[in-house]
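A short worksheet on the structure shown next.
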Amino acid sequence: MTTPRFWREIEQRYRGIGVQCEICDRVYFPPREICPHCRRESFGKMNERELSGKGKVLTYTEVHDPHPDFKLLTPYIMAIIEMEEDVRVTGQLVGVDYKDVETGMEVKATMRRLGEESPEGIIYYGYKFAPVKDKHE
Amino acid sequence: MRDVAIIGIGETQIGELWDKSLRELGIEAGLKAIRDAGVSGEEVDMLYVGNMSAGKLINQEHVAPMIADYAGLDDIPAVRIESGGASGGMALAEGYISVASGFDDIVVVGGAEKMTDVNDEEAKKILSSTADQEWETVCGATFDSLHAMMARYHMNKYGTTKDQFAEVIVKNHSNASNNPNAQYPRAIPKNFVMNAPMVSDPLGMFDCAPLSDGGAAVVLCPAEYVDNYNGDPVKILGVGHGADHIALHDRREIGGMKATRIAAEKAFKNSNISSKDIDFAEVHDNYSISEIVAIEDLGFFKKGEGGPATEEGRTALNSEISINTSGGLKAKGQPVGAVGINQAIEAAIQLRGDAGDRQVEDARYGLTHNVGGTGASAVVHILERWSE
């Protein structure tokens, strides 16, 4: 991925900024200009909404044949997370052994390194998810 | 709308074809189909080519005019259709629409993909680019891992097992053993599948279709003109398209494909038949889980019963419904943009009664099902044996 393409999405990748439809209150991440439920009525009515970062594992896998950018992490865990705001996000799970992962497990977004443009290029950061160990965390 | 017939079919061997280029694959398939139909080049009104990613795989865009040119048909309009893994099926639907509407009479629909000019790692990365590049793959998701998460979800929700996934693969390899064009024309034992190296848990190496080179083509004409040509016709009875969100995580249902259900509903409605009438189907088994999800969403089995039905042999050749008699994407091979055409060719071979040892007895209705990405697009065709 090129630098401008990544840079355009820093708000989403660093802070978890999504949108909420003013008409139906549904939350979307990443942001959409148009709510798929309210369609044209929603245009101009999609307001910024920061996600809490908390959610539960909906489904998961351990990747042995990796995306080339993540070769050094192999095997790594991918999951789809159902966020508190009823929106789903794909991300890696960290800080947990694969054998301990289960559906419904509570996780929280955490800022991690995702890759780099080239060995000398800028580093890309973004969200991964880690288990919530203490519920009051 | 006019009724439409397939009057010619042609496909290349599928496999790692080091000595053949994309244009050669397209031409070989196209010429076979034109010869089979008994049409001449100047009669062809239009060429559609299904192709997923020539731009990335061989650094060549604009492939449809290139293939037409080297087939000696440089004055025939040619357009490429892209819809990820459903490119071939979508191209066939375009061909069907242009003949049915009366706009064109003779249309050639081809599909071709050349996947082995880049290394395996690069080819898999390109295949993954049919998922959402900014919100799935950038985080580390691969095409394999997205299907693995579908599989995990299906296992948790419906109790589907890894054993049942393996049964899909064993069946499809067994069917391919009677298909001379298949990339892997041989049966494999279940323990090979079960003990294969892990790709993305729970999917092992044998749960995944290969990356293949191949070309396929069919010739379409209005049903009322079939007597003007030599080709042994089959009828395209109905077509349906379906769609859904691009990213797997945005779909409300992870263990099913809405795009498939919509496409099937429309195709059955257009054909005036139901899933119970279908004798055999070529479904998009790019992974073992994909076939299980497909046979449920196409209405052959209830949701959650796809795994047990496969295990009980109800999808084997000449059982309740024969699924992937060609060997499917897994064993016949996966030249991505050609897949939808390969499926139509298998349907035509079956309906002509030319399938030899893999013939479905008394086959009257066949269905083909082609999926793009992890389910953002799907297209279903229903074909019928020709009757005067």
*Do any helices (runs of 4 or more DSSP H) lying entirely in region B:113-209 carry at least 2 residues that are without any contact (Cβ under 8 Å) to a residue 40 or more places away in the chain and within 8 Å of chain A (Cβ to nearest Cβ), and which ones are they?*
B:120-128
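Conditions tested, residue by residue: (1) surrounded by fewer than 16 Cβ atoms within 10 Å (Cβ to Cβ); (2) under 24 Å from A:R5 (Cβ atoms).
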residue: B:G38; (1), (2): yes, no
residue: B:M46; (1), (2): no, no
residue: B:G85; (1), (2): no, no
residue: B:G89; (1), (2): no, no
residue: B:D104; (1), (2): no, no
residue: B:D132; (1), (2): no, yes
residue: B:C139; (1), (2): no, yes
*All positions within region B:252-267 that are within 11 Å of chain A (Cβ to nearest Cβ) and crowded, with 21+ Cβ neighbours inside 10 Å*: B:I254, B:G255
*Within region A:48-67, is even one residue away from chain B (no Cβ under 12 Å), in a loop (DSSP other than H, G, I, E, B) and in contact (Cβ under 8 Å) with a residue 40 or more places away in the chain?*
yes
*Out of all the residues in region B:373-384, is one or more touching a helix residue (DSSP H, G or I) at 6+ places or on another chain (Cβ under 7 Å), within 30 Å of B:I126 (Cα to Cα) and of a type in the set (S, T, N, Q)?*
yes
*So which pairs qualify, if the first residue must be in region A:1-20 and part of a loop (DSSP other than H, G, I, E, B), the second must be surrounded by fewer than 14 Cβ atoms within 10 Å (Cβ to Cβ) and at pLDDT below 95, the Cβ gap must be under 6 Å, and the two must be at least 6 apart or on different chains?*
none
_Within region A:68-81, considering residues that are within 16 Å of the chain's Cα centre (by Cα) and either surrounded by fewer than 19 Cβ atoms within 10 Å (Cβ to Cβ) or β-branched (V, I, T) (or both), the one nearest to the other protein chains (Cβ to nearest Cβ)_ = A:I80
_Test: A:T90 is of a type in the set (S, T, N, Q) and out of contact with any Cys (no Cβ under 6 Å at 6 or more places or on another chain)_ = no
*Could you list, in sequence order, the residues of region B:361-374 that are in contact with a Leu (Cβ under 7 Å, 6 or more places away or on another chain) and not in a strand (DSSP E or B)?*
B:A363, B:T374
*Name every residue in region B:48-83 that is in contact (Cβ under 8 Å) with a residue 40 or more places away in the chain, closer than 25 Å to B:H241 by Cα and surrounded by fewer than 18 Cβ atoms within 10 Å (Cβ to Cβ), in order of residue number.*
none
*State yes or no: is B:V138 modelled with pLDDT under 95 and among the aliphatic types (A, V, I, L, M)?*
yes
*Among residues belonging to region A:82-137 that are assigned to a strand (DSSP E or B) and loosely packed, with under 12 Cβ neighbours inside 10 Å, point out the one that is nearest to the other protein chains (Cβ to nearest Cβ).*
A:R113
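The values are calculated or read from the model by the stated rules, or taken from the named source; none is laboratory data. None of the values given here were measured: they were computed from a predicted structure. Every residue, glycine as well, gets a Cβ built from its backbone with ideal geometry; the counts of neighbours run over all protein chains shown.
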